[in-house]
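What follows is a single structure, written as C-alpha cells, with notes after it.
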Amino acid sequence: MIQDKLLENKSPEKECKEQNQGTLKVRFAPSPTGYLHVGGARTALFNYLYARKNGGALLLRIEDTDLKREIEGSINRIIEDMQWLGLKWDEGPIRQTGRLDIYRKYANALEDKGLTYPCYCTPEELKTNREKMMEAGTTPHYNGACRDLTPQQREQKSAEGRKPCIRFRMPDKSVVVKDLIRGDVVFEKDFVDDFIIMKSDNTPSYNFAVVVDDHEMGVTLVMRGEEHLVNTPRQISLYEALEFSMPQFAHISMILSPDRKKMSKRHGTVAVDIFRKEGYLPSALINYISLLGWSPPDNREFFTLDEMVEAFSLDRIAKNPAVYDIEKLRWMNSQYIKEMDNEKLLDMLIPFMKDAGFVDDDKTPENRDKLLLIVDALKSRLVLLSDIKEEASIFFDDNLELDEGAKESLEWDTTPAVFKAFLEVLDEYDAITSENSREFVKKIQKKSMTKGKKLYMPLRVGITGKGHGPEMVAVLTILSIEQMKKRLKSIIEICK
Ligand code: GLU
C-alpha cells in the first residue's frame, strides 16, 4: 500500500503548485537514513499542527538523493510510524530521486547566469586543505582553488580524468535569516564558502535540492530542526540567485537528554517504532512529544491531536532546548492506559497477549468477555502495554511461581487453615461473581477463624503465588473454580 502511494505520487509537484497557489504549505522532509526518532516526529507533528490550524497543507517529501546513506526499508518505516502517530499528510510522499532532471535544469540555469563553476578538487585534496586550515587555526572551508580556472585549465583537469562537481559562488555579503522562532540570525559574510550544488555523479546536494523542491512544491513555511539553521544562509542565497520567492523559516530547538547532552540512543528509546513495540500508545507519545519545546497557553498537559491543533501556535515554541524525560513519558502512557475504554485497550493488548502465549487467534465472545475482565482488573497497573505479559500471567499460568511477598505469608501458622477453608468453600460454588464474592470470603473467614491481612494475603497467594496484584474480587471472579482448586492444591503440596 505504501509502495503504491509512492508510485502514484511520482510527479505531483506541479499539481501541488497549481492547487495551492497562494495558500499555506509546510513540509516534513525526512531522509531515509534510519528510523523516525523523537526529534523527527516532533518536526512532523509541529508542521502537521501548523498546517491543520491554519488551513494549510502538509507535504511529505523523502530526501533520498544520497543513495550511499540510504538504509533499506527506512522509507516504509518512517511512513508507518507517521501513520501510527496519526500524522496524516496531504501530499506525497514525493521522492527526490524521481526529480533529478528538475535539479539539473535549475543547475543549468545558475550556470547560465555565471553563478556556479565546476570544481575538480579530489576528496584527498579537499581533505589536505581542511587539515592545513585546522592546523593554522582557521575554520575549514573550501579554499576556492577552482573558482577562477580558465577554460584551458578546466579542459586539462578533465583530461586528467577528474569528474567535476558544481559549486555555487557564494555572494560576498552577510545573510540574515529571519526566523519565526529565533528572530533575525545574522551570518557574517565569510561564514559560508562556495558550496556544492551538484555532486560529481550529477545528483544534487541537500542544500540545492531542498531549495528547488520547496520552491517548486509551493512551500510557504520551512519548519525544521535547529541543526539546519546553519544551512539556511546557503539556501537563502540560492533563493536569491534563482529569483525564487522566499518562504518563511522556523527552526525548532534541540532536544536534550536529562543530563543536558544531545539526545541519542544511549539515553534509552528514541525510535518511534521501538516505542510502539515496547507498548507506548500513539496518543500518549504524540502528546508527550508535543510538549517538547511547545507550551500550551494554560499549562494543560493532556491533549488529543485535535485539541493540540486548536491550541497550537508558533509563538509558544521555545527558543531553549527541550529536555527529554522518559519517566514523564512513561507516566503519561500509564495515564492514557487508565483512561482508555476497555474494548479499545483490549484490541491494543491482544498482540502482546498473543506474544506471551495467553491468547490465540480465535477470539470467541466468551473468551473476549473474560479478557475484558482481565483488562479492567489490570489497566491501572500497566505503564506500558507490554506490561500485560507480566501482569496477566496470574490469569493464564496455573504453575504458580512464588514471589518474595508470597513467601512471607506461607510462614504464618494460620495460613494452612485458610488454604483448607478456601478449598472447602470453593466446593460449594460453581463460580465466584461480584454478587457472591463477599459472602464467599466471609465463609472462609468463619471456617478458618482468621481475618484481615492473615486472611487476605493467603487467599491471594493461594491462587496467584504473588504477594501483590489486582483487586482480589477481580481475581476470584476471573479464575474458574477448577483453576483455583488446582492452584490451591499445588500450593498446599509445596507447603507440606
Ligand atoms: N532531510 C533533512 C533531514 O532529514 C531535512 C531537511 C529540511 O527539513 O530542510 O534532516
Item checked: Residue, nearest to the ligand (Cβ to nearest atom), within segment 54-67, restricted to residues that are open to solvent by 30 Å² or more (accessible area, probe 1.4 Å) and in a loop (DSSP other than H, G, I, E, B) -> 66
Checklist line | Residues within segment 307-324 that are surrounded by 14 or more Cβ atoms within 10 Å (Cβ to Cβ) and either under 15 Å from residue 224 (Cα atoms) or touching a residue at least 40 places away in the same chain (Cβ under 8 Å) (or both), tallied | finding: 9
Next item on the list: Filter segment 182-211 for residues that are farther than 20 Å from residue 47 by Cβ, open to solvent by 10 Å² or more (accessible area, probe 1.4 Å) and either polar (S, T, N, Q) or within 12 Å of the ligand (Cβ to nearest atom) (or both) and give the result.
Entry: 200, 202, 203, 205
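Any residue that is closer than 30 Å to residue 336 by Cβ and out of contact with any strand residue (DSSP E or B) (no Cβ under 8 Å at 6 or more places or on another chain) - is there at least one of those in segment 410-432?
Narrowing segment 410-432 to residues closer than 30 Å to residue 336 by Cβ: none.
For segment 410-432, residues closer than 30 Å to residue 336 by Cβ and out of contact with any strand residue (DSSP E or B) (no Cβ under 8 Å at 6 or more places or on another chain): absent.
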Next item on the list: Report yes if some residue within segment 401-412 is within 30 Å of residue 264 (Cα to Cα), of a type in the set (Ser, Thr, Tyr) and in contact with a Ser or Thr (Cβ under 9 Å, 6 or more places away or on another chain); otherwise report no.
Entry: no
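Tell me whether segment 251-258 contains one or more residues that are more than 16 Å from the ligand (Cβ to nearest atom) and open to solvent by 10 Å² or more (accessible area, probe 1.4 Å).
Applying the first criterion (more than 16 Å from the ligand (Cβ to nearest atom)) to segment 251-258 yields 256-258.
Then drop every residue that is not open to solvent by 10 Å² or more (accessible area, probe 1.4 Å), which leaves 256, 258.
Yes, some residue in segment 251-258 is more than 16 Å from the ligand (Cβ to nearest atom) and open to solvent by 10 Å² or more (accessible area, probe 1.4 Å).
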Notebook entry, point to check: Among the residues of segment 223-243, is there at least one that is over 25 Å from residue 91 (Cα atoms), among the β-branched types (Val, Ile, Thr) and at pLDDT 95 or above?
Noted result: yes
Note to self: Take residues that are more than 29 Å from the chain's Cα centre (by Cα) and tell me which of the helices (runs of 4 or more DSSP H) falling wholly in segment 185-285 contain 2 or more.
What the structure shows: 232-242
Notebook entry, point to check: Any idea how many residues of segment 47-93 are among the hydrophobic types (A, V, I, L, M, F, W, C) and in contact with a Ser or Thr (Cβ under 8 Å, 6 or more places away or on another chain)?
Noted result: 5
Checklist line | Hits in segment 15-38 - residues which are away from the ligand (no atom under 14 Å from the Cβ) and modelled with pLDDT of 95 or more | finding: 24
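Give the residue, chosen from 41, 51, that is touching a helix residue (DSSP H, G or I) at 6+ places or on another chain (Cβ under 6 Å), more than 25 Å from residue 198 (Cβ to Cβ) and within 15 Å of the ligand (Cβ to nearest atom).
Values: 51 fails: touching a helix residue (DSSP H, G or I) at 6+ places or on another chain (Cβ under 6 Å).
Result of the check over 41, 51: 41.
Residue 106 - would you say it is under 25 Å from residue 170 (Cα atoms) and touching a residue at least 40 places away in the same chain (Cβ under 8 Å)? Walk me through how you get there before you give the answer.
Numbers: under 25 Å from residue 170 (Cα atoms): yes; touching a residue at least 40 places away in the same chain (Cβ under 8 Å): yes.
When the stated conditions are applied, residue 106 passes them.
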Next item on the list: Would you tally the residues in segment 148-173 being within 17 Å of residue 192 (Cα to Cα), in contact with a strand residue (DSSP E or B) (Cβ under 6 Å, 6 or more places away or on another chain) and not hydrophobic (A, V, I, L, M, F, W, C)?
Entry: 1
Next item on the list: Restricting attention to helices (runs of 4 or more DSSP H) lying wholly within segment 295-369, give those where 3 or more residues are among the acidic types (Asp, Glu).
Entry: 305-311, 342-355
Margin query: Among the numbered criteria (1) more than 30 Å from residue 51 (Cβ to Cβ); (2) under 36 Å from the mean Cα position of the chain (by Cα), which one does residue 78 miss?
Written below: (1)
Note to self: Given (1) of a type in the set (Phe, Trp, Tyr); (2) touching an Asp or Glu at 6+ places or on another chain (Cβ under 7 Å); (3) within 16 Å of the ligand (Cβ to nearest atom), identify the lone condition not met by residue 168.
What the structure shows: (3)
Notebook entry, point to check: If residue 214 passes every condition in (1) surrounded by fewer than 19 Cβ atoms within 10 Å (Cβ to Cβ); (2) of a type outside the set (S, T, N, Q); (3) under 29 Å from residue 188 (Cα atoms) but one, which one does it miss?
Noted result: (1)
Next item on the list: Identify all residues within segment 424-458 that are open to solvent by less than 20 Å² (accessible area, probe 1.4 Å) and part of a helix (DSSP H, G or I); write none if there are none.
Entry: 425, 426, 437, 440, 441, 444, 448, 455, 458
Note to self: I'd like the residue in segment 366-389 that is modelled with pLDDT under 95 and charged (D, E, K, R) and, out of all such residues, is surrounded by the fewest Cβ atoms within 10 Å (Cβ to Cβ).
What the structure shows: 366
Next item on the list: Could you list, in sequence order, all residues of segment 88-107 that are within 15 Å of the ligand (Cβ to nearest atom) and over 17 Å from residue 33 (Cα atoms)?
Entry: 89, 92, 99, 103
Check: Has segment 68-75 got at least one residue that is within 14 Å of the ligand (Cβ to nearest atom), open to solvent by less than 20 Å² (accessible area, probe 1.4 Å), assigned to a loop (DSSP other than H, G, I, E, B) and at pLDDT below 95?
Finding: no
Next item on the list: Kindly provide the set of residues from segment 274-306 that are of a type in the set (Gly, Ala, Ser) and open to solvent by less than 10 Å² (accessible area, probe 1.4 Å), ordered by number.
Entry: 279, 284, 290
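The values are calculated or read from the model by the stated rules, or taken from the named source; none is laboratory data. The shown structure was predicted, so the numbers you read here are calculated from the model rather than taken from an experiment. A quick note on method: Cβ atoms are made from the backbone with ideal geometry, for glycine too, and the neighbour counts reach across all protein chains shown. Side chains included, ligands, DNA and RNA excluded: accessible areas come from the protein's heavy atoms. Shrake-Rupley method; radii C 1.70, N 1.55, O 1.52, S 1.80 Å.
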